[in-house]
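The values are calculated or read from the model by the stated rules, or taken from the named source; none is laboratory data. None of the values given here were measured: they were computed from a predicted structure. In this analysis, Cβ positions are derived from the backbone assuming ideal geometry, glycine residues included, and neighbour counts consider all displayed protein chains. Ligands, DNA and RNA are stripped out before the accessible areas are found, and what is left, the full protein with its side chains, is counted by its heavy atoms. Shrake-Rupley method; radii C 1.70, N 1.55, O 1.52, S 1.80 Å.
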Amino acid sequence: MHSLPRLIVTLVVLLLLATSAAAVPSQDLCVVGCTPYVDQSKPFHGMEKFRALAADMATSDCAIIVHLGDTKPGKTMGCNATTMTTAVHILAQEGAPILLYAPGDNEINDCHRLQSNPHDQYPTEFVKASDARQFLVQDLQLNSGFDVTGNVPVISHNRLNQVDNPATCNDQGQDCQATYSCDFDKYIAMEDYAVATLEVIGSHWYLDDERNAGYTDQDLVDPLKDRLAMYVNAKDCALDWIEYSAEQANATDKRALFFMLHASFYDKYGSRPLGSGSIGEYYSPDVLRNFTVAWKDPVRRPYRPLFRKFEQIALRYPNLQFQIVHSDAHRWFQTRFNPYLNNHGNAKQVQSHHNMMIHQTEGASRALTTYTRFSVNPLKFQPISTQEEWSPSAFDIEPKGHAWIPYQP
């Protein structure tokens, strides 16, 4: 006699639970990088694909969207107010709920490459890396205390660095110091994870000497001696922000922490920092060490301090799952960061298979039609799941498929 009322109550409870579950907003993190490398004035060369991709990400339960830098081609398109940030603004225009950006070398470090190309319809406005960097900070309002959409508060790295530059101090009569700040370092927390952005760019993190790679006047238009201060600032900011972000995530019981940066800073196995074999003459390993010999830890490889800092926090916080996410090399790639850490270091304490992973997202052509999606489930043994998602609407736009037309001046 009482079975029907009980059945009704059970059904009502189940319905309420289902409704409640459906109302929980998505926590997924979605990432693109090294895109778009197309003519921004010609929609069907690939720009409309990128816009469709941005719209799909915004409407497919991506709680945070991140662009990992290289917002334009580095060798064929000049650095100006149109080319450098259009891609990021499109992500905002298409409805990104939270939008973050980590800078790439194409829009900062490599701007000297096209300082005098009369055939380029996108003439270069910013030749010096320092000028390009300052434009990005201003245009994307990175000092506002909000994400790039301007709607969501983020924690910013409010640190002003008076950087001693050994390269200029060695020049008689030169001012030793340059003033920079940690403009690109942001931190935002979701329910189960947090995201931190870092200024870690390619081309050897500002120090690439390309005079023997066809850019013979690089030192004339963007003096190489000024680059060391930019590297020191970005390095010091990154190391400090990694420490801060890990402390914050641990103190607030997050299960995972994502570090968003641009550069491929490690060897192909993820076991050691990238070497300096292609860095050129000005900051070759021996010369760089001579510049920094007065430091407590002289530098020979620009990325080594970063690599060591990631090692340190992986060992210090075995309860956290760290995910380093970058672009730069244009291929989908996932590996363990320095496998030795969890095989021999803190293996007994790590709550997952390996607590520091590296993911490299797609770039170039397929970055117009695909993106990386991360989901976090704190109850799982391996709490981060990684998926390459595609945008059917972007795929269907001409040129159809993953095809595109690379920009050529």
Study note, to complete from the structure: The relative contact order of the chain, taking Cα pairs under 8 Å that sit 6 or more residues apart, comes to a percentage of 19
Exercise for review: Only Cα pairs under 8 Å and at least 6 apart count here; give the relative contact order of region 42-99 as a rounded whole percent.
Suggested key: 50
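Run the dipole for the chain about the Cα centre, Lys and Arg Cβ at +1, Asp and Glu Cβ at -1, nothing else charged, and hand back the magnitude in debye, nearest 20.
Taking the Cα centre of the chain as origin, the dipole is about 1360 debye.
Within 10 Å, count the other beta carbons around each residue, average over each peptide in 389-395, 267-273, and list them highest first.
Working: 389-395: 16.4, 267-273: 14.0.
Highest-to-lowest ranking by the protection proxy: 389-395, 267-273.
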Review point. For region 188-279, which semi-axes, largest first and in whole Å, follow from the square roots of 5 times the eigenvalues of its Cα gyration tensor?
Key: 33, 15, 10
Check your understanding: Rg to Rh for region 278-347: what is it, with Cα atoms only and Rh by Kirkwood?
Key -> 1.06
Review point. When the chain is fully extended, how far beyond the present Cα-Cα distance does TRP295 get from ASP61, taking 0.36 nm per residue of separation?
Key: 79.5 nm
Study note, to complete from the structure: If the chain between VAL152 and HIS89 were fully extended at 0.36 nm per residue, the gain over the current Cα-Cα distance would be 21.1 nm
Check your understanding: Dipole of region 267-388, Cα-centred, from +1 at each Lys and Arg C-beta and -1 at each Asp and Glu C-beta, to the nearest 20 debye?
Key -> 320
Check your understanding: For region 268-409, what is the convex hull volume of its Cα atoms per residue in Å³?
Key -> 144
Practice item. Would you kindly give the portion of the calculated P(r) for the chain that falls above 29 Å, as a percent of all Cα pairs? Key: 45
Check your understanding: Given just the C-alpha atoms of region 162-316, how large is their convex hull per residue in cubic angstrom?
Key -> 129
Review point. Which peptide among 132-138, 332-338 comes first, and what is the full order, when sorted by highest mean count of other Cβ atoms within 10 Å?
Key: 132-138, 332-338
Revision key, fill the gap. Order by accessible surface, 1.4 Å probe, largest leading, for residues LYS400, LYS42, LYS72 comes to LYS400, LYS42, LYS72
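Using 0.36 nm per residue of separation minus the Cα-Cα distance, give me the extension gain between GLU247 and PHE381 in nm, one decimal.
In short, 46.1 nm is gained.
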Point to revise | Angstrom value of the Kirkwood radius, inverse mean 1/r, which spans all Cα pairs in region 244-297 | key: 14.5
Exercise for review: Just reorder GLU388, GLU247 by solvent-accessible area, largest first, 1.4 Å probe, all chains present.
Suggested key: GLU247, GLU388
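How much accessible area per residue does the chain have, in Å², with a 1.4 Å probe?
For the chain, the solvent-accessible area averages 42 Å² per residue.
If you roll a 1.4 angstrom probe over the protein chains with everything in place, what fraction of the accessible area of the chain belongs to carbon and sulfur, to the nearest %?
Answer for the chain: carbon and sulfur cover 52 percent of the accessible area.
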**Study point:** Highest to lowest packing among 210-217, 230-237, 140-147, scored as the average C-beta count within 10 Å
**Key:** 230-237, 140-147, 210-217
Review point. Say each of GLN334 and GLN312 gets a label point 7 Å from the Cα, pointing the same way as Cα to Cβ; how far apart are those two points in nm?
Key: 3.0
Review point. So how compact is region 80-150: Cα radius of gyration and Dmax in angstrom?
Key: 13.0, 40
Review point. For region 284-409, what's the relative contact order in percent, using C-alpha pairs closer than 8 Å and at least 6 residues apart?
Key: 19
